[in-house]
Each structure stands twice: as C-alpha cells, then as structure tokens.
1. Among the residues of segment 266-288, how many are surrounded by fewer than 20 Cβ atoms within 10 Å (Cβ to Cβ), more than 10 Å from the chain's Cα centre (by Cα) and assigned to a helix (DSSP H, G or I)?
2. Taking interchain pairs and intrachain pairs at least six residues apart, which have beta carbon atoms under 6 angstrom, with the first residue in segment 379-400 and at negative phi and of a type in the set (Ser, Thr, Tyr) and the second at pLDDT 90 or above and surrounded by 14 or more Cβ atoms within 10 Å (Cβ to Cβ)?
3. Considering 84, 128, 99, which residue is of a type outside the set (S, T, N, Q) and without any contact (Cβ under 8 Å) to a residue 24 or more places away in the chain?
4. Please name all residue pairs, on different chains or six or more residues apart, with Cβ atoms under 6 Å, provided the first residue is in segment 2-22 and is on the phi < 0 side of the Ramachandran plot and in contact (Cβ under 8 Å) with a residue 60 or more places away in the chain and the second residue is among the small types (Gly, Ala, Ser) and surrounded by fewer than 16 Cβ atoms within 10 Å (Cβ to Cβ).
5. Could you list, in sequence order, the residues of segment 436-471 that are polar (S, T, N, Q) and farther than 16 Å from residue 282 by Cα?
6. Could you check, for segment 251-259, whether at least one of its residues is crowded, with 23+ Cβ neighbours inside 10 Å, assigned to a helix (DSSP H, G or I) and either near the ligand (Cβ under 9 Å from one of its atoms) or free of Cβ contacts under 8 Å to residues at least 24 places away in the same chain (or both)?
7. Please verify whether segment 457-472 includes one or more residues that are in contact (Cβ under 8 Å) with a residue 12 or more places away in the chain and within 16 Å of the ligand (Cβ to nearest atom).
Amino acid sequence: PSRPPVVWHWIPLFGSAASYGQDPIKFYQECGEKYGNIFTFILLGRRCTVTLGAEGNNFVLGGKHTDLCAEDAYTHLTTPVFGKDVVYDCPNELLMEQKKFVKFGLRNDNFRTYMPMIEDEVTQFMKKQDHFRIFQMNDINEWGTFDVLDVMSEITILTASRTLQGPEVRDTITASYADVFSDLDGGFTPIHWLFPSLPLPSYRKRDIAHKKISDLYVSIIRKRRESGSKLEAPDMIASLMEQKYRSGRALKDHEIAHIMIALLMAGQHTSSATGSWLMLHVADHPEIGEALYQEQVKNFRLPNGKWRTMDFEEIKDLPVLDSVIRETLRVHPPIHSIMRKVRTDIAVPATLASPSENGTYVVPTGDYVWSSPAVSQLDPRIWKNSNEWDPTRWSDPQGMAAAAGRAYEDSEGAKIDYGFGLVSKGTDSPYQPFGAGRHRCIGEQFAYLQLSSVIATVIRQVELKLETPFPQPNYQTLITLPKKPRAISYRRRQF
Ligand code: HEM
C-alpha cells in the first residue's frame, strides 16, 4: 500500500524538527501546498502524519478510538503531571465516565453562582496588584501598562480556583503553593512530550510537585468528608465526591485529586492565552474596545452608575463580546496540534487524499496522526481575509455558515443553531478550537463564562491601547502564547 508523502529533510532522525518547532502553522501550510492534505514528517525519529483541512480534522477527530488512540499519544506527558488512574492513564471507557462526572460539576446552576465570584476576584485584583492597579490611580488621565500574559495568568488561576477548584485551593494558590504549581507546570512542555524521562531538574521538580499537590487535594477531600462544612458555592471537588462509576464504585480520593489537577492544567494556559490574545487585539482595535464597552453600558449599567453582574444566560445575547471571543479562538486557537497514535494500519479516505485515481494511502501502525484545526481556521479558501482578526465576520451569515462547515445558501446560513460558544459540533468543521468527537473539550462553557466575565469586568473600568508592535506567537510552549514585549497600555475610564 502507498504511504503518504514524507516531507524532505536533511538529517535522517532529526527530520523536520527545526522548521516544525519554529512555526508549526507555517510548516503545515507550506507542506500542505507542496504535498497536499496529507504528509508525514519525521520528528526526532517519530513518524508524524499530518492531515489538513476539514477532511483532515474529521480523519483524526472522528476516527475510532480503537484505531487512533489518544492515551498512547499523550500519557507519557500527562500521567506524571496529572497522576495515575485518570484521563490517559486508564482505559478510554473510564475517561468517558470521568468526563461525564466533570460535566455534572459544570452544570448551569453551578455556573450561575460563579459570575459574581469572578467579577469580585477581578475587581479585587485590579485594586491590589502592583502591575495592574486601576483603583489607586490618582489622575484619571494617567496611562499605565501591564504585561498581558502575567495579568491574565494570575486572573485565570484566581478565578478558576475561586469557582471550580474551591476555597481551599484558592487560598493555597496565593500563599505557600505558588512555586509548587509552577514546578508542576514546568513539567508540561513539548520537551517532556518528546523525552518522557531525562535526568534534569524540571523532571525531578515536576515529580515532587505532583506528589505535594496530589496530597493537598486528598487532604482537602478528607477534611471535607469529616467536617461536612458548607461551601460558598458548589464546586468540582464536591461534585466529584458524589459520583459513582457505572460499576457502582465511588471515585477514590486520589482519582478525584488527579482529575482536579488535570482540570487545572487543561484550563489554565488555554484560557489565559485566549484572554491575552483577546486583550491584545482589543487594545490594537480601540473601536472594538469601545463597542465592547458600549455593549456593557447598554446591558448592565444601572441608573445610579453602578454595574449589574452579568448573568450566565445573558452572555449569548452579547454579540460583540461573543464574536470577539470566537474570532480570537479562530486566529489563536491555544492548541495548534491534536494527536493520536495509530494502533492498526488505517486507510485514508479518498475524499481526504489518494495517491492515484483508484489508490488509497495507508497510515501504518505506530505513526502519530496530527490534525491542526488552526490551519483550517486560517484557510483563505474558507475565510475572507483569513489572517485578519475581524470579529465582525461573525455577524455575517456567510462567515457563520463557513464556520459551521456548510455551504452558505441564502437564508440557510442565518438559521444554523450555533448554540452557546461553540459553532459546530461535527468532527468535519473547519472551526474547532475546542476539538471535536470523543475527546472534545468539556471546559468550553466554563472557559466562555470565565473569559466573558473577566473581559467585561476589565473593559467596564479601563480603556486599552497597544503602543508596541503586535506580539508574535511563541510555539515553544505547549499552548501558543504571545511573546514579549506584550505590554498593554490602560487608563481608568471617566464616568
Ligand atoms: C479537551 C481546547 C479550556 C478540559 C480539549 C481539546 C481541545 C481543547 C482542542 C481536544 C484535545 C484532543 O482532542 O486531543 C480548549 C480551549 C480552552 C479549553 C481552547 C479554553 C479557551 C478547558 C477548561 C477545561 C478543559 C477550562 C476544564 C475545566 C478539557 C477536557 C478535555 C479537553 C477534560 C478532554 C480530553 C479528552 O477527552 O481527551 N480542550 N480547552 N478545557 N479539555 Fe479543553
């Protein structure tokens, strides 16, 4: 059988590591032009087969999990960080059950209590932090600057821990555990994916940090069970403590602990990266900043000049805020490559690519298959001015139809139900910042809620502008983050 074309490279084992590592999106786009929608590149001895376009997304994300396996692709990176017996360190059927448990913790009546808590955290943050302090500014016309990623990282962890993670984690994060969390994070990088174990400090620190944090969660769970104390709001630990596997057994304490660590890691960089890119674009487009602000004034400003807290259900009726988030996720999806490992030789459908009219490509067992929705999200054949960050495209039914993976037919485009946050649930959509299929993100609604509430609280108080060139993406981290300098200028609004 024919194998997909292999990307030409100089050094046999090293392969295309350099050009891939520098800018994976550009690498995929250039290979796509040269070889078509499927090609294999060599990355330090591994065969990585990339499939592009909506068909390529469908091939990887819609594939059977017995053929294309996520745990084989990720476990050596994630298990030392999350811990044993959860996510990719258990059979896929158990992960599916664990995702159901987490969804139970992410239900709407929990969300409703989270919005005022997030608003409060952000407001406190804006009072206290040295690098982003609006309430202490004396002169209303004074401009200050803040490093957007530093600020968004801190706000993200404060708000996620106050809501999902619960009060005990919220208190330890700012106190004694900040360094421990950062050591754990230091073990969650592309290097740790490439080299599962090396005698380096980052690996040792990761293992020590995992143990400390896992013990912390276990002790929280035990204390709660013993004291039966009442919470400010229902959080994820409380939800998980109520759940049972289909077999009838409850989750063990270490399993709850490890799911909590997984959620922390899954949400932290994805949301703080999205929030950072969003703020940078808004600062770069003051007219959009003004539209966001006016939308807040119209909907939430009370006659006495105070602000009313946004309700969870109201977010979807704020077209400016909604399209600013959607568009940021289109241009800067935090996860640029989604991977699976091939367990049995798999034939590539002719609709994706074929070597000849009647031929079929076969991807061999042991290959990694990668999809990159980032490429289809920037494809000029699908999106007008595809590289431009333009939230107004989301109020254009044609743009919406494209995003939903459908041809636009007159009024059809306007009729599509886009739901909340998500545009399309299919595995063959060109727009998939949250993935699709079996392994699809379950944190999407929480991320939308958190981002909406954070952005609204900030934009109500300050004007933003960008005085330095727009930052380039850093692909050396697992999540695509803006490189330095990434300072945003801000000024307190005059009421
Ligand atoms: C899966 C993106 C926030 C929890 C995924 C996947 C993507 C993604 C692309 C699919 C991975 C794959 O197929 O291999 C994002 C983005 C976020 C975000 C862009 C924010 C803007 C969150 C949050 C949580 C979370 C806040 C938790 C509260 C998960 C979980 C999975 C997942 C549990 C399932 C993994 C699996 O089934 O293999 N996410 N995520 N995510 N995400 Fe998120």
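1. Residues meeting the conditions: 3.
2. 386/378
3. Just a single option satisfies the conditions, and that option is 128.
4. 2/359
5. Answer for segment 436-471, where residues must be polar (S, T, N, Q) and farther than 16 Å from residue 282 by Cα: 445, 450.
6. So far as segment 251-259 goes, yes, one or more of its residues are crowded, with 23+ Cβ neighbours inside 10 Å, assigned to a helix (DSSP H, G or I) and either near the ligand (Cβ under 9 Å from one of its atoms) or free of Cβ contacts under 8 Å to residues at least 24 places away in the same chain (or both).
7. no
Results for (1) under 29 Å from residue 248 (Cα atoms); (2) surrounded by fewer than 22 Cβ atoms within 10 Å (Cβ to Cβ); (3) of a type in the set (Gly, Ala, Ser); (4) within 15 Å of the ligand (Cβ to nearest atom), shown as yes or no for each residue.
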{"site": "73", "(1), (2), (3), (4)": "no, yes, yes, yes"}
{"site": "80", "(1), (2), (3), (4)": "yes, yes, no, no"}
{"site": "86", "(1), (2), (3), (4)": "yes, no, no, yes"}
{"site": "95", "(1), (2), (3), (4)": "yes, yes, no, yes"}
{"site": "107", "(1), (2), (3), (4)": "yes, yes, no, yes"}
{"site": "119", "(1), (2), (3), (4)": "no, yes, no, no"}
{"site": "129", "(1), (2), (3), (4)": "no, yes, no, no"}
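The values are calculated or read from the model by the stated rules, or taken from the named source; none is laboratory data. Quantities reported herein were computed from a predicted structural model and do not represent experimental measurements. Cβ atoms come from the backbone with ideal geometry, glycine included; neighbour counts cover every protein chain shown.
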